[in-house]
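Report on the following structure.
Any read-out appearing in this document is the output of simple, stated calculations on the displayed coordinates, not a laboratory observation. Keep in mind the model is a prediction, meaning the values are calculated, not measured. Virtual Cβ from ideal backbone geometry, glycine too; neighbours counted across all protein chains shown.
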Amino acid sequence: MGDLHLIFPTILNILHDALNSEIQIKCQIVQRIYKKLGDYWAILRNCCSISVVLDPTIKLLSFDDETAPIIRDLMYSIYARYSNENICSSSSSSTLFLVEDANNSRNYFRQFRNDKSKNNTHYVLEEYLTAIEENCNLLDFWKT
């Protein structure tokens, strides 16, 4: 999906430049293709934005200056929602941890430090969104 966000605008720009052709039949064909692809792109560009951002070779690069902040905010809200779910599930396990290992203060503080580091959602997501991965294998990237 990320490639489409790079390819479609380029194709539309090429077709737009070809609209000024002096050859009448070429101009008519280009005009029809441009309209069909333009209509299709108007629908397609706003759908599946999350999958585009999750493509490590594209991320926010393919969005215009107006859309990128909206997509960024959407990613932050999704990340925060999932992060809160993980924090809630880990806090119940840390309560269990306290009951089982009340005498071991070192493990308590180690667990507390690990729970705090999970709350740094802003840094983790911003690091992902700003670092574009060049020439990476998508399947290998998401395995880790």
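Could you pull out which residues in region 29-68 have an amide N less than 12 Å from a spot 7 Å beyond the Cα of Leu12, following the Cα-Cβ vector?
34-47, 63-64
Measure off 7 Å from each Cα along the Cα-to-Cβ vector at Gln31 and Leu138, then give the distance between these two points in nanometres to one decimal.
Going by the 7 Å Cα→Cβ label model, 3.7 nm.
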